[in-house]
Amino acid sequence: MSGAALSILIYHRVLARPDPLFPGEVDRALFERQLRLLKRFYAVLPLPLALQRLQDGSLPPRAACITFDDGYADNADHALPLLQQYGLHATFFIATGYLNGGQMWNDRVIAAVRHAPGDTLDLRDLGLGSLPLAGLEQRRAAIGHVLGRLKYLPFEQRQRLAVDIGRRAGSATCGNDHAMLSTSQLQRLHGAGMGIGAHTVSHPILAAMSNRAARIDIANGKRELELLLQAPVTLFAYPNGKAGRDYGPAHVEIVKSLGFTAAVATDWGVARSAPGLDLFQLPRFTPWDRGRLAFLWRLRQNRRQSPVHGR
């Protein structure tokens, strides 16, 4: 295993405070602790600069990048001020179809189960069983069950079921617990010097679509961001991002043909400065540990991951 290594971290949300239903979700206090550790022990670089230095062999030791996926409003409200406080850069990959009040299917399911009244949610006629909801553990298990069953269904079917589950859970779920970025918040991130990358329009499983439909969704996401920002968008993140399951070689070729310069996946590992470096399937890592030593240890372990995608 040779060559300088680049660790690319994935985040999604930075909550204002801990969520009892999802105690592992990153909140503002935890994100600040992790930024302090990254600033002290790693050389945190903007992703475009890191990729340039990865190619020319000038990457510093323990190089790292911070990325966010999907486009949640708390990225602007909570993550951005902390990034600015610590003088760090992040790249935000945005699914444009959910800007300005949209709600992703998984967030709709989470809101439905979170707010459903009573101790059960009867989804037997949908083939999802009768789900016990007495307490946080059961609600957490119910969310995991439903998300697992719906995740790889065809896009339109998945959307319909998520809406239907919201209706079954009652009117309390009509609100959006997981607000997405507004156009002005997106422009604030860009104006603050943060990187903005494309993440499709609708966040589909690309492998479950025709190549033509996948190309349209990827291309439209890029075009919409460029219109909103009046700037080129050259980085892409595959939705879900597991090679061979969520996307394949055809989608890599589509991304290349649309003028992107690099793309990130969600397979663990690090990108290495070595022959065979694939800039269109860069691995990324989710650091979930709350403890200082555990966070640093897992980052170190990820750096020892075997290369993937031919790296």
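The values are calculated or read from the model by the stated rules, or taken from the named source; none is laboratory data. Owing to the predicted nature of the structure, the values given are computational and were not obtained by experimental measurement. Reconstructed Cβ throughout: ideal geometry from the backbone, glycine too, with neighbour counts over all protein chains shown. Remember, those area values only see protein heavy atoms, side chains included, never the ligands or the DNA or RNA. Shrake-Rupley method; radii C 1.70, N 1.55, O 1.52, S 1.80 Å.
Gly221 - would you say it is at pLDDT 95 or above and out of contact with any Leu (no Cβ under 8 Å at 6 or more places or on another chain)? I'd like the intermediate steps shown before the answer.
Working: at pLDDT 95 or above: yes; out of contact with any Leu (no Cβ under 8 Å at 6 or more places or on another chain): yes.
Yes, satisfied.
Here's a check for you: in segment 156-172, which residue that is farther than 21 Å from Ser202 by Cβ and surrounded by 13 or more Cβ atoms within 10 Å (Cβ to Cβ) is modelled with the lowest pLDDT?
This residue is Ala172.
Working only within segment 1-25, note down all residues that are closer than 16 Å to Thr286 by Cα and free of Cβ contacts under 8 Å to residues at least 40 places away in the same chain.
Of everything in segment 1-25, those that are closer than 16 Å to Thr286 by Cα and free of Cβ contacts under 8 Å to residues at least 40 places away in the same chain turn out to be Pro23, Glu25.
Could you please let me know if Glu156 is among the acidic types (Asp, Glu) and either within 25 Å of Asp27 (Cβ to Cβ) or part of a loop (DSSP other than H, G, I, E, B) (or both)? If you could, list the steps in order and put the result at the bottom.
Numbers: among the acidic types (Asp, Glu): yes; either within 25 Å of Asp27 (Cβ to Cβ) or part of a loop (DSSP other than H, G, I, E, B) (or both): no.
So Glu156 fails the test.
Quick one: which helices (runs of 4 or more DSSP H) lie wholly within segment 198-311 and hold at least 2 residues that are under 30 Å from Tyr42 (Cα atoms), among the hydroxyl-bearing types (Ser, Thr, Tyr) and open to solvent by 50 Å² or more (accessible area, probe 1.4 Å)?
Numbers: elements: 211-229, 249-257, 292-303.
The helices (runs of 4 or more DSSP H) meeting that bar number zero.
Across segment 139-153, what is the total count of residues that are under 18 Å from Pro20 (Cα atoms) and either open to solvent by 70 Å² or more (accessible area, probe 1.4 Å) or of a type in the set (Gly, Ala, Ser) (or both)?
Step one: of segment 139-153, the residues under 18 Å from Pro20 (Cα atoms) are 139-144.
In the following step, the residues that additionally are either open to solvent by 70 Å² or more (accessible area, probe 1.4 Å) or of a type in the set (Gly, Ala, Ser) (or both) were identified as 141-142, 144.
Total meeting the criteria: 3.
Go through segment 222-238 and count every residue that is touching a strand residue (DSSP E or B) at 6+ places or on another chain (Cβ under 8 Å) and either under 19 Å from Thr266 (Cα atoms) or of a type in the set (Lys, Arg) (or both).
Number satisfying all stated conditions: 6.
Among the residues of segment 8-27, are any touching a Cys at 6+ places or on another chain (Cβ under 8 Å), under 16 Å from Trp288 (Cα atoms) and assigned to a strand (DSSP E or B)? Lay out the reasoning, then the answer.
Kept after step one, since they are touching a Cys at 6+ places or on another chain (Cβ under 8 Å), are these residues of segment 8-27: 8-9.
Pick out the ones that are also under 16 Å from Trp288 (Cα atoms) and you get 8-9.
Checking which are assigned to a strand (DSSP E or B) leaves us with 8-9.
Within segment 8-27, one or more residues are touching a Cys at 6+ places or on another chain (Cβ under 8 Å), under 16 Å from Trp288 (Cα atoms) and assigned to a strand (DSSP E or B).
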